[in-house]
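Comments concern the structure below.
Just so it is clear, none of the values below were taken in a lab; they were calculated from the coordinates. It should be emphasised that the depicted structure is a prediction, and the values quoted were computed from it without experimental measurement. All Cβ positions, even for glycine, are placed from backbone atoms using ideal geometry, and neighbour counts span all protein chains on display.
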Amino acid sequence: MSSHNSSGPLALGPPGQLLLQPLWDQVRARAALAQSPPFAVLFSITAYLGCCLPFVLLDLLCPRVRALRRYKVHPDCGPSARQLLGCLGRTVCQHVALLLPASLLHCARGPAPWPREAPELLQLARHVLGCLLLFDAEVFAWHVLHHRVPWLYRTFHKLHHQHAASFALATQYMGAWELLSLGFFHVLNVVLLQCHPLSVLAFHLLNIWLSVEDHSGYDFPWSTHRLVPFGWYGGVAHHDLHHSQFNCNFAPYFTHWDRILGTLRSAPSRHTCKLPLSQRGKKKSEIWP
Ligand SMILES: [Zn+2]
Ligand SMILES: [Zn+2]
C-alpha cells in the first residue's frame, strides 16, 4: 500500500508530523487487525453507511418537516423504503461478493510494513488532494467513455442511472464492473503517489463522503461546492443534473475537465421533480404524499 518504511528510532519530526503522531500511533497499535481483509471490508461498509446515515434520516424526516425541503434539490421527491432497502442490499452483497475476495487477494502476499512516523500534515493534505484530482480525471474519462459508447452504457453504467433523482444510498448502486473500476482507480492513485497509510485512510474517508454528498439530494449552505471558491467544485446539484440529463457534468467532483471539454452545465440549486409519475414508484424516485 505504501513505499514508506522505517526501522530506525523515531526522531523528533516537524510540527505537522508531531500533530498526527499520536493518532498514527493509535492506528499502528492495531495494525494486525486493521490490515486483515474482513476488517478492511467491514471498515469500508461502515464508513459508507455512516456517511449515508444522516441523509437517510433526513429523507425519513423530510415528508413531515417542511423546513427541510428547502435544502432538497428535488423538494417533492424522496426515496421509498423499497428503494432504500434495495440499495442497502446491493451494497452489502457487493462488499461480501466483490470487495472481500479482492481484499483477500491483496493481502495474500502478506501485510505491507507500516512506517513508524506519521506523515506531515501538509504532506497528508498534498497526497489527499493529489489522489482526489487523479481520481476525478480517471473517473471523468471512464464516465465519458461509458456514456459515449452505447454498449458500455447499457451493459455497465445504466444501472447507476436508474435513480434519476438520487439519494445517499444510491451512491454505490452500480454494477460489479463500475464498482471494481472505481476501486482500481482508488488503489492506483495511492500507489502512484506513494501515500502514507494515514493519507490513504484520509483519502478513503473523504472520497466516500464526497461521493455520498454528490448523491445525497441535499444542497446545504455548508455543502462542499459552496466552500470551494470560483466554481471549481461541482457538488450535489451539478451531479444531480448529470443523473437527469445524462450528457453533461461527467466529472465526479471538480469542474475543470467538463469546462475544458465543453460538457459543463450549471444547475439550478433546486428544482421540482419532473419525472413521470409512472416511473416514480418503480426505479425513479417517488413523490411524497
Ligand atoms: Zn452518480
Ligand atoms: Zn453517468
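Using only Cα atoms, tell me the angle between helix 121-148 and the longest principal axis of the chain; keep it within 0 to 90° and round to the nearest 10.
Compared with the principal axis, the helix lies near 40 degrees.
Per residue, what volume in Å³ does the Cα convex hull of region 113-226 take up? Could you put the intermediate results ahead of the total?
Numbers: hull volume 13.8 nm³, N = 114.
About 121 Å³ per residue, rounded to a whole number.
Please list, in chain and number order, the residues 5+ apart from F254 or on another chain whose amide H is under 5 Å from its amide H, with Hs placed from the backbone.
So F254 has HN proximity to G234.
What net charge do the residues around L49 carry, taking every other residue with its C-beta under 15 Å from that of L49, with Lys and Arg at +1 and Asp and Glu at -1?
-1
Would you list Y71, Y173 from fewest to most Cβ contacts within 10 Å? Please list the in-between numbers first.
Working: Y71 19, Y173 23.
Lowest to highest Cβ neighbour count: Y71, Y173.
Taking θ = phi - 60°, what integer Hz values does the Karplus form 6.51 cos²θ - 1.76 cosθ + 1.60 yield along region 38-47, in sequence order, with x for Gly and Pro?
Karplus values, whole Hz, x for Gly and Pro: x, 5, 4, 6, 4, 5, 4, 6, 5, 4.
Test of understanding: what is the full-extension gain from A32 to L261, defined as 0.36 nm times their sequence separation minus their Cα-Cα distance?
77.9 nm
Mean 1/r over all different Cα pairs, inverted: what Kirkwood radius does the chain give, in Å?
The Cα-based Kirkwood calculation yields 20.3 Å.
Cα axis of helix 176-192 to longest principal axis of the chain: angle in degrees, 0 to 90, nearest 10?
40
Taking amide H atoms as placed 1.01 Å from N in the peptide plane, list the residues 5 or more away in sequence, or in a different chain, whose amide H sits under 5 Å from that of Y218.
V73
So for the chain, averaging the separation of alpha carbon pairs under 8 Å that are six or more residues apart and normalising by length, what relative contact order in percent results?
29
Calculate one ³J(HN,Hα) per residue across region 224-236 by plugging θ = phi - 60° into the Karplus curve 6.51 cos²θ - 1.76 cosθ + 1.60, and present them in order as whole Hz with x for glycine and proline.
Values, residue by residue: 3, 5, 8, 8, 8, x, 6, x, 6, 10, x, x, 5 Hz.
Cα convex hull of region 133-182: mean projected area in nm², to one decimal?
3.6
Would you mind giving the average projected area, over all directions, of the Cα convex hull of region 161-270 in nm² with one decimal?
On the way: hull surface 30.3 nm².
Over every viewing direction, the Cα hull of region 161-270 projects on average to 7.6 nm².
Would region 8-107 count as rounded, prolate or oblate if I go by the C-alpha gyration tensor, calling it rounded below 1.5 in a/c and otherwise prolate when a/b exceeds b/c, oblate otherwise?
oblate
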